[in-house]
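The values are calculated or read from the model by the stated rules, or taken from the named source; none is laboratory data. The structure displayed is predicted, hence computed values, not measured ones. So basically every Cβ, Gly included, is an ideal-geometry build from the backbone, and we count neighbours across all protein chains shown. With ligands, DNA and RNA removed, areas are computed over all heavy atoms of the protein, side chains included. Shrake-Rupley method; radii C 1.70, N 1.55, O 1.52, S 1.80 Å.
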Amino acid sequence: MAEGFPYNVASGQRYDLFLGVSNHLGHAAYYSVQIKFRNLTQSAPDSFNRTASSLTPLYNLNVLVADQETWELPVTFGFDYSYDANASRLTLPIWHSMMLL
């Protein structure tokens, strides 16, 4: 599970962060990372029961990380949303980009 993401995002703003996977297993290993977007009422991952969120991922990443190494990916995302109070409707097209280091 990732931490430190902004939770109060503004329309039209760009957010830059890094996704990192560190391997301390004692051997090289494949990792599968799913990037999802959810609100507070939707399914969250449960690390105690080792279950993932049931939401559809925005991205699926599969990476091989050597023992004692860290793989990193810069991630940029943002939202250009609008809210119509009369119709109680939020329009939320998502823009994003991902680039390997």
Taking the Cα-to-Cβ direction at S32 and at Y7 and moving 7 Å from each Cα, how far apart do the two end points lie in nm? 2.9
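Ignoring ligands, DNA and RNA, how do T76, T56, T70 rank by accessible area with a 1.4 Å probe, largest first?
Descending accessible area places them as T56, T70, T76.
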What Kirkwood hydrodynamic radius, in Å, does segment 1-96 give when the mean of 1/r is taken over all pairs of distinct Cα atoms and then inverted? 15.8
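How much length, in nm to one decimal, is gained on full extension between N60 and L90, taken as 0.36 nm per residue of separation minus their Cα-Cα distance?
Stretched out fully, the N60 to L90 stretch lengthens by 8.2 nm.
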Å² of accessible area per residue within the chain, as computed with a 1.4 Å probe and no ligands counted: 78
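Using a probe of 1.4 angstrom, how much of the accessible area of segment 1-84 is carbon and sulfur, in percent? Please report the intermediate quantities before stating the final value.
Numbers: 3200 of 6350 Å².
Solvent-exposed carbon and sulfur of segment 1-84 make up 50 percent of the total.
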State, as an integer percentage, the relative contact order of the chain based on alpha-carbon contacts under 8 Å between residues 6 or more apart. 34
